[in-house]
Amino acid sequence: FNIAEAGQYDLRLVFYEQGGGSELELFAAPGSRNTFSETHFRLVGDIARGGLQVGEGNVWFTDHFDDASWTAGTGGVGYEASGGNYPNYFDIDVQAEMYNRNGSCYIRIPFEVGDAEFSNLILRIRYDDGFVAYLNGAEVARRNFSGEPAWNSTANAGNADEAAIVLASVDISAHAGLLRQGTNLLAIHGLNLSTNSSDFLISAELVAGEISQGTVAPHAIEYTEPILLTGSTHIKARTFAGQWSALNETTFAVGPVAESLRISEIMYNPADPNAEYIELTNVGAETINLYLVQFTRGVQFNFPDIDLAPGEHLLVVEDLVAFEAVYGPGLPVAGQYAGKLDNAGEWIELLDAAGQVIHSFDYDDDWYEIIDGLGFSLTVHDPAAVDPIALGDKGSWRPSVYVGGSPGFDDSSDAVEPGAVVINEIMAYLPGGADWIELHNTTDRAIEIGGWFLSDDNDELTRYEIAEGTVIAVGGYLVFFENEHFGNTNDPGCHVPFALSRDGETVYLHSGSGGVLTGYSERASFGPAREGVSFGRSPDGTGSYDLVPSSQPTPGQPNAAPATIDDP
């Protein structure tokens, strides 16, 4: 075979030897690597260097597999790289083997059974973030993983730390017949959310028994009358008529979760690419429980048993360590999601406990330039008023007020509504006169623009800083001149002097505070200029950001009509 492009590749070579002999030679053509060593590859059968026995790479979970070279010990398996409490739940530390290396861990737990005649079998397990469990070579349970597991698989969804340390009970009584007298094997493929996840945990036990007629498990409820559910609940039920029936399961969504839960902020392109987050808000009048609510598109996350009071915010993050390095500890984080938000925009879907859609929409990175790589988040204007169907529209969103967004709090009191201040008219070619830029307040309230910025360079948006205390009156106009303001090096706000190009360009307006950008932005573009002809919005204060030639300049006043073909 031939590899046409340079790069690193994993090759699986299967060969069979007949007539004696046991040698395999691998040759490489000259290139980026023309020799091979044990650090570059290893044979599947090279047990001394960590490989699996030939032909048994996919049966490590069977009892006849030779695990003599594996790390051995008692207790749970895991690691903790972020100062959490997982060390209380494991004795075998695998941080060196897993952290930033692999999201999978193979665990084999042999045990003895005297009497194998059991009808009730429960797997009790702590897990972060998922697992596939096998009993004597047969799969019996899995959580947060779908598909065929591989040696480097990762979980499809996260399991929040507070849920991971609680022994979850998984009824595997349907597989009780796999038990046998003597030696048995429980094998667990532990799955972390990602290779760089800050922690991992698998701690398991099997509980077997025989349920006598007329008795139920201590934690079960005997059904004699309707049961009142106070929150979303996953119900498991059996009937007993001489013998126990098969297990039946269903989920009930309780409370106004779909009516009250709203996505209120998305940080999809942060300065630290691992500090992504999604914020949710309870816009209802009563506390809701998010148990079994889940993100299924864009990212994957299953919410634990957690309450959200009216007006409160809750966060799900990509990487808790990276998130807290930026924002500090103590914010209301429900857990880490699987996957990564697409900087180019993508579809997000949120379902309630019964699988009904709460949100299903796509966002677009073209909506606001300031969000695309400058560290601002995408924020819903009014989560309580927005129609969930409208979240796929730009008009439902605005940039966050501050760089880094507002995880866990509402920044709307500091926000300026889109279109409040616009670049309304410009002059780029006035022989004997100065270039000028006119701003217009389109609202019915005065707006202070002190600390805001004007620029003609998208890579240098803070070229001219407007003086503190500058106010545009209700419906008013304010003109900035090249010779007095943005091109005047004696003006303290002129950080990088500039003039407007008569060949056409784009002018940028951004809000600011303390010398840094905040989240409001506007821009206006114009083409090649004719002498003495300004460019303006038409009608005045409205229209797109593409300005059109005006029939006459009107600095500080409403715009004149657009120029006609007969205008000089």
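Quick look at the numbers
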{"read-out": "Neighbour-count ranking [beta-carbon atoms within 10 angstrom, fewest first] of 547, 193", "value": "547, 193"}
{"read-out": "The range 386-540, Rg to Rh (Cα coordinates; Rh as Kirkwood inverse mean 1/r)", "value": "0.99"}
{"read-out": "The range 361-439: chymotrypsin sites (Phe, Trp or Tyr not before Pro) in DSSP loop, at most 15 other beta carbons within 10 Å", "value": "409"}
{"read-out": "Gyration tensor verdict on the range 257-414 (Cα atoms; rounded if a/c is under 1.5, prolate if a/b is larger than b/c, oblate otherwise)", "value": "rounded"}
{"read-out": "Theoretical gain in end-to-end length, residue 356 to residue 385 [0.36 nm per residue, Cα-Cα removed]", "value": "8.4 nm"}
{"read-out": "Taking 387, 128 and counting other C-beta atoms within 10 Å, the order from fewest to most", "value": "387, 128"}
{"read-out": "Formal net charge of residues neighbouring residue 426 (Cβ-Cβ distance under 9 Å; K, R +1; D, E -1)", "value": "-3"}
{"read-out": "Candidates per GluC sites (Glu not before Pro) in the range 406-467, loop by DSSP, up to 13 other Cβ within 10 Å", "value": "460"}
{"read-out": "Long-range HN-HN contacts of residue 335 with modeled amide H, under 5 Å", "value": "317"}
{"read-out": "For residue 451, net neighbour charge (Lys/Arg +1, Asp/Glu -1) across residues whose Cβ lies under 15 Å away", "value": "-4"}
{"read-out": "Computed over the range 73-209, the ratio Rg/Rh where both radii use C-alpha atoms and Rh is Kirkwood", "value": "0.97"}
{"read-out": "Of the trypsin sites (Lys or Arg not before Pro) in the range 78-139, those whose Cβ has at most 11 other Cβ within 10 Å and which sit in DSSP loop", "value": "none"}
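Read the figures in this text as sums done on the coordinates, not as results from a lab. It should be emphasised that the depicted structure is a prediction, and the values quoted were computed from it without experimental measurement. Please note: Cβ atoms are built from the backbone with ideal geometry, for glycine as well, and neighbour counts cover all protein chains shown.
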